[in-house]
Every structure is written in C-alpha cells, then in structure tokens.
Amino acid sequence: MADLIELKEEEERVILVGVSTCEEDDTERSLDELAELVRTANGVAVGRMIQNRERIHPGTYLGKGKLEELRDQIEEFKATGIVCDDELSPAQMRGLEEALQTKVMDRTMVILDIFAAHATSSEGKIQVELAQLKYRAVRLVGLRSSLSRLGGGIGTRGPGEKKLEMDRRLIHRRIGQLKEELEGVKRHREISRKKRRQSHAMSAAIVGYTNAGKSTLLNRLTGAGILAEDKLFATLDPTTRGCALPGGETILLTDTVGFIRKLPHHLIEAFKSTLEEARYSDILLHVADCSDDQMDLRLHVVYETLRELGIQDKIIITVFNKIDCLTEEAVLRDLRSDYQARISAKTGEGIEELKLLLERILRSRRIYLERLYPYRDAAKIQQIRKTGQLLKEEYREDGILVEAYVPAQQYAALMESGSPGK
C-alpha cells in the first residue's frame with residue numbers, strides 16, 4: 001500500500017461557486033453554509049459567484065461566459081482554487097480544471113476533509129478513509145492534476161490520504177479491507193446493544209443538524225466533557241453516557257454525527273454503523289437551533305436523512321435549543337415530533353423540564369407494580385432498582401413491600417413470586 005503523503009498545511013483562498021436552477025432556489029444561503037464549511041476546513045472564502053441556469057452544465061458546471069468571469073475573479077482575489085456547491089462529476093471536474101487552470105473542489109470534498117480532520121477514534125478514521133476512497137475512486141484522473149499541483153490544503157489530508165498515483169485496483173482492494181474492518185466494528189456494536197437490551201436499559205439518540213448544539217446538550221445532561229465548538233461537525237465520533245433522571249432512573253444518551261443538506265452519499269454509506277445507534281434507540285432527541293432563521297429547512301433535512309437511513313417509527317422529542325439567543329418571543333413547533341422542549345444547553349435553562357419529560361416517557365412505557373416479596377426473594381428488589389423505578393420499599397415482618405414502575409418485559413417474571421401489596 002502506498003505510504004501516506006506528508007503535506008504542508010496551508011490556508012486555501014477559494015471562490016465559492018453555485019448554480020441556481022429555479023426562482024425559489026436558496027443558492028445564496030447554501031453558499032453561506034458552504035463558506036462556513038470552508039472556514040471549518042481552515043480555508044477562507046474570498047469571493048462567490050452564482051449563475052442562473054435552467055440546469056447545471058454537464059461538462060463544466062458553469063456556462064462559457066461565467067467561466068471567463070470566474071477566471072478574472074481568481075486572478076483578482078489571488079484565489080488558490082474554487083469550491084462548487086454541488087458534487088461534481090469527473091467530467092465536470094476535468095472541464096473546470098482545463099478551463100480555469102486552478103484547483104477545483106466541490107462541497108463533498110470539503111465535508112470529507114472536515115471529517116478527516118475531526119476523526120479521532122479508529123472507527124471514525126476507518127469510516128472517513130472508506131468515504132474518501134469511494135469518492136476518489138471515480139475521480140482519480142481529475143484529482144491527480146488538481147492536488148499534485150498545489151500539494152496541500154482542503155481535500156488532501158486525513159486517514160484516507162494516499163499517493164494519487166495508486167491505481168483503482170489498489171483503491172478497491174483497500175475499500176474491501178476497510179469494509180471488513182467496519183463489519184468487525186458493527187459486530188462489536190451489536191454485542192453492546194444486545195447487552196443493553198438484556199439489561200432493559202432505555203436509550204435515546206441525539207440527532208440534528210450540524211452545530212445545533214448536540215454535544216453541548218450531551219455534556220449538560222451527562223457531564224460527558226466531549227468537545228463542543230461553534231463549528232460545523234466539531235465532533236464526529238459517537239459518545240454514549242448515562243443520564244440520571246429526577247426519579248432515580250438512568251437513560252443512555254448517544255451523540256451522533258450532525259446532518260447537513262447535500263450530505264454526501266459516501267458518508268451516509270460509510271457511517272451507517274455509527275448512525276445505527278439512532279435506529280436501535282428507544283427515543284430520538286432531535287436538537288434544533290431555534291435562533292437560526294433557516295430552522296424549518298434544517299428540520300426538513302434531518303427528517304429526510306433519517307428517512308434515507310430507515311430510521312422511522314421512533315418517539316421523537318424536538319429540543320429547541322439556544323432559546324437564550326432569541327431576541328423576541330417565537331412560536332416554536334414541529335408537527336412531525338411527539339413532544340417538544342425549549343432549552344438552552346449553554347445556560348441550562350429548560351434542562352430539568354427536559355429530564356422530567358424523558359422520565360414521563362420512560363414511565364409511560366413501564367407497568368406499575370405493587371408487590372409484597374418474602375425476604376428470600378430480596379434479589380428481585382435489586383433487579384427492580386437496576387432496570388425500573390423504585391417508588392417505595394417498606395420492610396415488614398412478613399416481607400418487603402415494593403411499589404415500582406418496571407419494564408413490560410420483566411413484569412410477568414416479577415409477578416411470579418410474592419403477593420399483592422396491601
């Protein structure tokens with residue numbers, strides 16, 4: 001296998017390029033988000049260009065006239081490259097490079113670069129490398145001339161960074177190896193989930209648009225202490241921690257990778273093993289930034305991504321985060337969710353109410369039990385403490401009187417001994 005390339009880290013100066021194909025297109029806002037992605041990838045957007053067309057040019061993305069304007073902008077702003085707001089085909093990448101004689105990147109390449117920089121666990125690195133290699137396998141010719149000329153910057157770093165001269169045969173062999181490694185990770189996750197199911201532990205997955213405050217919420221609820229920055233995709237690797245609820249129960253919370261519009265298909269495929277944590281959870285905590293004027297659009301993106309992943313029929317709590325940033329009273333609602341909560345993960349406002357809501361949902365999925373157990377069955381009490389909510393424990397001469405909420409799966413077994421409480 002080819003060795004990793006040592007590359008000099010350097011700031012990219014790029015021009016953002018988008019194509020608007022209809023009157024209601026929000027290309028301008030999409031470019032705003034692309035500029036934030038470039039910033040997160042340690043680049044800077046020095047200019048932007050939007051062309052209104054009926055459809056994207058199949059060979060050069062832009063029309064001939066706009067290409068000439070773009071050449072002038074590149075020279076004027078001393079740009080080191082351009083970033084297109086859509087995923088480019090190999091033909092479009094080659095066409096743009098030939099026309100502009102500069103480095104050409106697309107939205108997918110920038111996102112992959114951010115993921116490469118933020119992957120810290122071995123699993124995260126495997127998933128990023130797999131996504132990068134799948135992306136590069138069909139673009140090897142175009143990428144060779146682009147990246148070898150500038151020798152660094154966005155799209156050229158990370159665990160998937162190999163010498164561009166390797167042929168597709170080696171890339172596909174490596175893809176096969178990574179898939180096998182991910183299967184091992186998947187089996188390990190399945191074993192962990194099986195143990196959680198056997199212990200009847202309830203779980204919730206924290207999902208949402210990137211930078212909505214998911215990691216900050218996990219830190220606030222569990223004290224996990226994971227990285228939480230005001231950047232897109234600040235955290236990549238999933239973290240599971242227990243959250244103690246007011247009534248004494250514990251729910252397992254898992255932070256997941258953030259979603260974004262035009263999320264590359266390569267990433268969805270590569271990160272399925274991670275995102276499956278949401279599929280097997282009991283509850284989805286859908287975190288939304290209510291201070292964002294594009295909140296409704298981003299809610300839609302999250303639901304579409306969940307649908308694509310096959311994550312449906314879950315109890316959904318939409319958590320409207322960052323209420324401390326609202327300058328005026330706002331009507332916040334999500335008709336697709338079962339419950340809503342208003343919080344500030346940063347200040348702690350609304351957190352106790354959210355915990356009470358989680359407790360109420362957990363209780364609704366459990367059965368009330370009132371039972372008098374003989375002392376020889378005291379182990380039953382410990383089982384209830386571990387998997388249910390113990391409301392009352394009274395020691396009498398004839399046994400232990402217990403009032404509790406227990407998982408439905410355990411109710412029959414717990415009723416086998418003892419007698420009705422009096």
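A few remarks follow.
- The calculated P(r) of the stretch 315-391, using every Cα pair and 10 Å bins from 0, goes 15, 34, 22, 16, 10, 3, 0 in percent.
- Distant-in-sequence amide contacts of residue 52, defined by a placed amide H-H separation under 5 Å and a gap of 5 or more residues or a different chain, comprise 20.
- Entries in 125/346; 78/346; 322/380 that, when Cα-Cα distance is taken, lie over 32 Å: 78/346; 322/380
- For the set 103/262; 194/392; 66/134, the pairs lying more than 25 angstrom apart at their alpha carbons are 194/392; 66/134.
- Assigned charges on the beta-carbon of Lys, Arg, Asp, Glu; the stretch 350-396 dipole about Cα centre (debye): 240 debye
- Note on the stretch 272-385: with charges restricted to the Cβ of Lys and Arg (+1) and Asp and Glu (-1), its dipole about the Cα centre is near 880 debye.
- For residue 103, residues with placed amide H under 5 Å, excluding near neighbours: 82
Readers should treat all values here as calculations from the given coordinates under stated rules, not as data from a laboratory. The structure presented is a predicted model; accordingly, all values stated were derived computationally and were not measured. In this analysis, Cβ positions are derived from the backbone assuming ideal geometry, glycine residues included, and neighbour counts consider all displayed protein chains.
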